[in-house]
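The values are calculated or read from the model by the stated rules, or taken from the named source; none is laboratory data. Everything numeric here is computed off the predicted structure, so don't read it as measured data. Note: ideal-geometry Cβ built from the backbone for every residue, glycine included; neighbour counts use all protein chains shown. Heavy atoms of the whole protein, side chains included, go into the accessibility calculation; ligands, DNA and RNA do not. Shrake-Rupley method; radii C 1.70, N 1.55, O 1.52, S 1.80 Å.
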Amino acid sequence: MISIFASHDDGAPALAAAYDRVAATWHATICKFGFVKAYGDLLELASRRFLTENMSDLNVLDAGSGTAGFSLAFAQQIGRASFDLLDVSNEMLRKGAHTLAVEGLPSDQICCDIADLPARPKRYDVILSAHLIEHVGDVGAVLEALRAALSPGGVLILVVSKPHWCTTLVRLRWGHRAYRPAEMETLLSASGFEDIETFSFSAGPPKRLSAGYVAQTC
Ligand SMILES: C[S@@+](CC[C@H](N)C(=O)[O-])C[C@H]1O[C@@H](n2cnc3c(N)ncnc32)[C@H](O)[C@@H]1O
């Protein structure tokens, strides 16, 4: 296991500290509201893009991993993989590593801003990212960085908040944006992704608050 932790005084300190404070209860909360189940449903749909008969260990990046709910859903729905968790919050990463370790899944943790991803040389087969890009200023730059971090033919699986009055309430606390599916599709396309599919969740808060996207590099 590799842990690369940064101090909080080099960017997004207030947001990182706010997520540090909720890390202890985050995983139970997202399970209670049905998000881990919803991530699994999205992964079932997306899996035809990256599951092959000869599949060996996939390299998976969970960007803005929080407590690794998306990675856990991946392991449960698809199978074992080599997980890198990336987040600005040290506490979210620690909890995320624990969430996976309890299931016997090792992970590496990278504590940095997603804006620093282009400096990292590693390439991934699959990038997962749930409710991260709502926090970033230059969404196009981050989507381009995610595309560049994928191996050729690699798959991006995104979950992003969509406009809804509940999202407005969440925004009051966390300050994040919401994107209509058509906006996201345009942003993904402008960032060089292909074969973009949008996914509606079937029930509960994920259905009201979020949409899923699957897109590929050529
Ligand atoms: C809404 S939470 C989602 C966490 C997780 N993906 C999930 O679905 O439970 C957003 C996460 O993104 C992280 N984050 C926010 N801005 C970030 C940035 N610029 N770079 C890296 N991580 C960031 C936060 O620390 C937090 O853990």
Point to revise | With every protein chain in place, the range 175-215: carbon and sulfur % of accessible area (1.4 Å) | key: 48 percent
Point to revise | the chain - Debye-derived log10 I(q)/I(0), Cα point model, q = 0.10, 0.15, 0.16 Å⁻¹ | key: -0.38, -0.94, -1.09
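Show me the ranking of peptides 78-84, 186-192, 157-163 by mean Cβ neighbours inside 10 Å, starting with the highest.
Top of the packing list down: 157-163, 78-84, 186-192.
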**Study point:** Packing rank of 208-214, 119-125, where each peptide gets the mean count of other beta carbons within 10 Å, highest leading
**Key:** 208-214, 119-125
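Please identify the DSSP H helices in the chain that span no less than 20 Å along the helix axis (Cα) and have a mean Kyte-Doolittle hydropathy of -0.5 or more.
The qualifying helices are 13-32.
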Point to revise | P(r) tail fraction, the range 54-108 - alpha-carbon pairs more than 15 Å apart, % | key: 36 percent
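If you count the DSSP beta bridges with both ends in the chain, what percent of them are antiparallel, to the nearest 5? Walk me through the numbers on the way to the answer.
On the way: 12 of 34 bridges.
If I count the DSSP bridges inside the chain, around 35 percent turn out antiparallel.
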Review point. Amide H neighbours of Cys112 under 5 Å, counting only residues 5+ apart in sequence or on other chains, H built in-plane at 1.01 Å?
Key: Asp87, Val88
Revision key, fill the gap. Using the Kirkwood formula on alpha carbons, the hydrodynamic radius of the range 133-218 in angstrom works out to 13.3 Å
Review point. Among the lysines in the chain, how many pairs, 8 or more places apart or on different chains, have alpha carbons under 28 Å apart?
Key: 10
